[in-house]
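The values are calculated or read from the model by the stated rules, or taken from the named source; none is laboratory data. This structure is a prediction, so every number in the text was calculated from the model and none was measured. Cβ placement follows ideal geometry from the backbone for every residue including glycine, while neighbour counts extend to all protein chains displayed.
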Amino acid sequence: MSIETFYEVMRRQGISRRSFLKYCSLTAASLGLAPTMAPKIAEAMETKPRTPVIWLHGLECTCCSESFIRSAHPLAKDVVLSMLSLDYDDTLMAAAGHQAEEIIAEIRRKYKGNFILAVEGNPPLNEDGMFCIHGGRPFVEVLKETAADAKAIISWGACASWGCVQAAKPNPTRATPVHKVITDKPIIKVPGCPPIAEVMTAVVTYMLTFDRIPELDRQGRPKMFYGQRIHDKCYRRPNFDAGQFVEEWDDEAARKGYCLYKMGCKGPTTYNACSTTRWNGGVSFPIQSGHGCIGCSEDGFWDKGGFYNRVTDIKQFGVESNADKVGGTVAAVAGAAVVAHAAVSALSKARSGKEEQNKGGK
């Protein structure tokens, strides 16, 4: 029996053709594609069988799975059970024990070279991998064994992509990101702690539609979502440029929604879609909620000064200056403008007085 297509599953679940096409249009938009690509996505959903997926968990907290299954769009959440043939995920599956482990062997045998390996978390390498046991075996062994037959690998979240808190100094377990263990397979990194749900589903949609991995940046992240800094599209950017910063939590500047850079916001050095795609169905993101970006999609963010220590080499107005100097620069410019205005006013008054005096003399 062949695997159903995504569209067949949706129709069986009572989803209308109109809703299906709307989903394809929204997906094209989220992928940064032209509206004309929506029919191509629809065609792929209608004709291609669902992609078999094995989803493994190493050292992690399951926040990526939690984010994925909470995708807010009414159809995007169906990706988990409809678009993907999610044959193995020890967090979501009903099977357990030997029955569950047999599924991995069956998928590897039946779909060799044609399934996606999704990895959440990372393998610890110290003590022969004994800090993370999967089905009675070190997780690193299961990872290598399964990856050998996979078509491609998706590294979900900061743990799989960079190591995250498990790999923070001194890293006693030698927690290691997936790409440093698996070096002979295409790997798509979707970092974040956790990644945005719609980013996760869109990456899968792209792979299913075009039968290839999306264009990646130099760090292996999809450019469509990690191609710009949060800072570039942040609605508080004008405050940053104007030197208007929050100095203390809940001060007057905070209540006015000024820039959070001085409170440790890593938006200027973080590449992610938080300020455009946002979270919770596009409702908000950390900066909008009053907390600075912690840079969770960047390599080694746990070891880069913590949550509240800001980066100090951000340039302003094209000159060698950081945010500490911006306020002073703005104030100096404003002060110079006031002085100039006063000088012009005084000069005008002097001229007016002299003209009046000349008139009186005549």
Problem - Which numbered condition MET37 fails, given (1) surrounded by fewer than 17 Cβ atoms within 10 Å (Cβ to Cβ); (2) at pLDDT 80 or above; (3) of a type in the set (A, V, I, L, M, F, W, C) - result: (1)
Handout entry: Among the residues listed as GLU66, GLU106, the single one being at pLDDT 85 or above and closer than 29 Å to ASN122 by Cβ
Key = GLU106
Completion exercise
Flagged pairs (Cβ under 8 angstrom, 6 or more apart or on separate chains; first in segment 180-203, touching a residue at least 40 places away in the same chain (Cβ under 8 Å) and of a type in the set (Val, Ile, Thr); second assigned to a loop (DSSP other than H, G, I, E, B) and buried (at least 23 other Cβ atoms within 10 Å of the Cβ)) are VAL181/PRO123; ILE196/ASN272; ILE196/ALA273; ILE196/CYS274; VAL199/GLY192; VAL199/ALA273; THR201/MET83
Completion exercise
Condition set out of contact with any Asp or Glu (no Cβ under 9 Å at 6 or more places or on another chain) and small (Gly, Ala, Ser), scope segment 139-172, selection surrounded by the most Cβ atoms within 10 Å (Cβ to Cβ): answer is ALA150
Practice task
State whether one or more residues within segment 156-163 are over 28 Å from ALA202 (Cβ atoms), part of a loop (DSSP other than H, G, I, E, B) and either of a type in the set (A, V, I, L, M) or at pLDDT 95 or above (or both).
Solution key: no
Problem - Complete set of residues in segment 117-138 that are out of contact with any helix residue (DSSP H, G or I) (no Cβ under 6 Å at 6 or more places or on another chain), in a strand (DSSP E or B) and crowded, with 16+ Cβ neighbours inside 10 Å - result: ALA118, PRO124
Exercise for the section: Six or more apart or on different chains, Cβ under 7 Å: which pairs go from a residue in segment 86-114 that's closer than 21 Å to ILE133 by Cβ to one that's part of a loop (DSSP other than H, G, I, E, B) and among the polar types (S, T, N, Q)? Could you list them? Expected result: THR91/THR62
Exercise for the section: Output the residue which, of all residues in segment 45-65 that are out of contact with any Cys (no Cβ under 9 Å at 6 or more places or on another chain) and in a helix (DSSP H, G or I), is nearest to CYS296 (Cα to Cα). Expected result: SER65
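Table: residues versus (1) assigned by TED's automatic domain parsing to the domain that holds PRO177; (2) within 26 Å of TRP162 (Cα to Cα); (3) surrounded by fewer than 17 Cβ atoms within 10 Å (Cβ to Cβ).
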{"site": "PRO214", "(1), (2), (3)": "yes, yes, no"}
{"site": "GLY220", "(1), (2), (3)": "yes, yes, no"}
{"site": "PRO238", "(1), (2), (3)": "no, no, yes"}
{"site": "ALA242", "(1), (2), (3)": "no, no, yes"}
{"site": "ALA253", "(1), (2), (3)": "no, no, no"}
Practice task
Would you check if VAL53 is closer than 30 Å to VAL181 by Cβ and buried (at least 17 other Cβ atoms within 10 Å of the Cβ)?
Solution key: yes
Problem - Residue within segment 181-189 that is in the same structural domain as GLU43 (by TED's automatic domain parsing), polar (S, T, N, Q) and part of a loop (DSSP other than H, G, I, E, B) present - result: yes
Problem - Candidates ALA202, ALA175, filtered to the one that is buried (at least 22 other Cβ atoms within 10 Å of the Cβ) and under 30 Å from GLY97 (Cβ atoms) - result: ALA175
Fill in the blank from the handout: With criteria (1) in contact with an Asp or Glu (Cβ under 9 Å, 6 or more places away or on another chain); (2) touching a residue at least 12 places away in the same chain (Cβ under 8 Å), ASP217 comes up short on (1)
Practice task
Name, by its number, the condition in (1) buried (at least 22 other Cβ atoms within 10 Å of the Cβ); (2) in contact with a Pro (Cβ under 7 Å, 6 or more places away or on another chain) that does not hold for LYS189.
Solution key: (2)
Handout entry: Leading residue by the ranking (nearest to the chain's Cα centre (by Cα)) among those in segment 226-285 that are in a loop (DSSP other than H, G, I, E, B) and among the aromatic types (Phe, Trp, Tyr)
Key = PHE285
